[in-house]
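Inspection log for the structure reproduced underneath, given as structure tokens.
The values are calculated or read from the model by the stated rules, or taken from the named source; none is laboratory data. On a predicted model such as this, the values are computed, not experimentally measured, just so you know. Cβ coordinates were reconstructed from backbone atoms using ideal geometry, including for glycine residues, and neighbour counts include every protein chain displayed. Note: accessible area is taken over every heavy atom of the protein model, side chains too, but ligands, DNA and RNA are not part of it. Shrake-Rupley method; radii C 1.70, N 1.55, O 1.52, S 1.80 Å.
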Amino acid sequence: MSLFKQEPIIFDVPDADIRYFPGFFDAESATAMFDELMRTIPWQQDDITVFGKTHPQPRLTALFGNDGKPYSYSNLTMQPHPWILLLQKIRYKIAEVCDTDFTSVLLNLYRDGKDSNGWHADNEKELGQNPVIASLSFGAARSFQLKHNTNNSQRLNLTLEHGSLLLMQGTTQHCWKHQIPKTAKPVGPRINLTFRVIV
């Protein structure tokens, strides 16, 4: 498993600390990990409730973590699977650049451009104050959009590429929202791993 040691792209935006590491894993390693995750993860599709309406999530998910601690969002509570070796190795590599001992990872599988994740912030109470969110992408590149909660002029539109890492920390989750929008373009599957600390 090869890790590139390179300086991140740091975005100069207010009320946030957002850093992007393109090529965090080289293409060969990233493809091998993508293939293993597609094959071995027990993907599930849960119902979520948003604005009083319940519907199937437009993506597949899985949760892995320490000590059986659940994670809740959108009136859904997920129970974690025990860590597997590949996710442990990835966790340790990410910890090298953000000095955080992550306790869980939420995996998302976007099967095609119809799968998405609407505007939200990772600000659930079990993530604590100013959570560090490390988002690793494998597979098809997808647009990742961010907008400030109160300053409409502050927006970012990033392309999260195969093998890349996005770090969101500081007050980002309190002051910004983010989404993976649907796209009509023909895109292949994408796996996203979002590492976090559940307190």
So residue 93 passes all but one of these: (1) within 24 Å of residue 182 (Cα to Cα); (2) among the charged types (D, E, K, R); (3) surrounded by 14 or more Cβ atoms within 10 Å (Cβ to Cβ). Which condition number does it fail? (1)
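Go through the stretch 167-194 and give me each residue that's assigned to a loop (DSSP other than H, G, I, E, B) and among the β-branched types (Val, Ile, Thr).
Scanning the stretch 167-194 gives 171, 183, 187.
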Sort out which residues of the stretch 132-186 are small (Gly, Ala, Ser), under 16 Å from residue 111 (Cα atoms) and under 16 Å from the mean Cα position of the chain (by Cα), and write them in order of number. 137, 139, 140, 141, 143
Flagged in the stretch 142-166 as free of Cβ contacts under 8 Å to residues at least 24 places away in the same chain, among the hydroxyl-bearing types (Ser, Thr, Tyr) and assigned to a loop (DSSP other than H, G, I, E, B), in numbering order, are 153
Looking at the stretch 81-99 only, could you name the residues that are part of a loop (DSSP other than H, G, I, E, B) and closer than 21 Å to residue 138 by Cα? 83, 84
Residue under evaluation residue 67, criteria (1) at pLDDT 90 or above; (2) open to solvent by 50 Å² or more (accessible area, probe 1.4 Å); (3) assigned to a loop (DSSP other than H, G, I, E, B), criterion not met: (1)
Quick one: in the stretch 23-64, of everything that is closer than 17 Å to residue 137 by Cα and among the basic types (Lys, Arg), which residue is least open to solvent (accessible area, probe 1.4 Å)? 59
So, residue 136, is that one open to solvent by less than 10 Å² (accessible area, probe 1.4 Å) and within 25 Å of residue 47 (Cα to Cα) or not? yes
Here's a check for you: in the stretch 151-179, which residue that is open to solvent by 10 Å² or more (accessible area, probe 1.4 Å) and of a type in the set (A, V, I, L, M, F, W, C) is nearest to residue 139 (Cα to Cα)? 158
Residue tally, condition in contact with a strand residue (DSSP E or B) (Cβ under 8 Å, 6 or more places away or on another chain) and either among the hydrophobic types (A, V, I, L, M, F, W, C) or free of Cβ contacts under 8 Å to residues at least 40 places away in the same chain (or both), over the stretch 96-118: 7
Listed by first then second residue, the pairs whose first member lies in the stretch 8-32 and is hydrophobic (A, V, I, L, M, F, W, C), whose partner is part of a strand (DSSP E or B), with beta carbons under 6 Å and at least 6 positions apart or on separate chains, are 9/20; 10/19; 11/18; 16/176; 18/168; 21/165; 24/165; 30/138
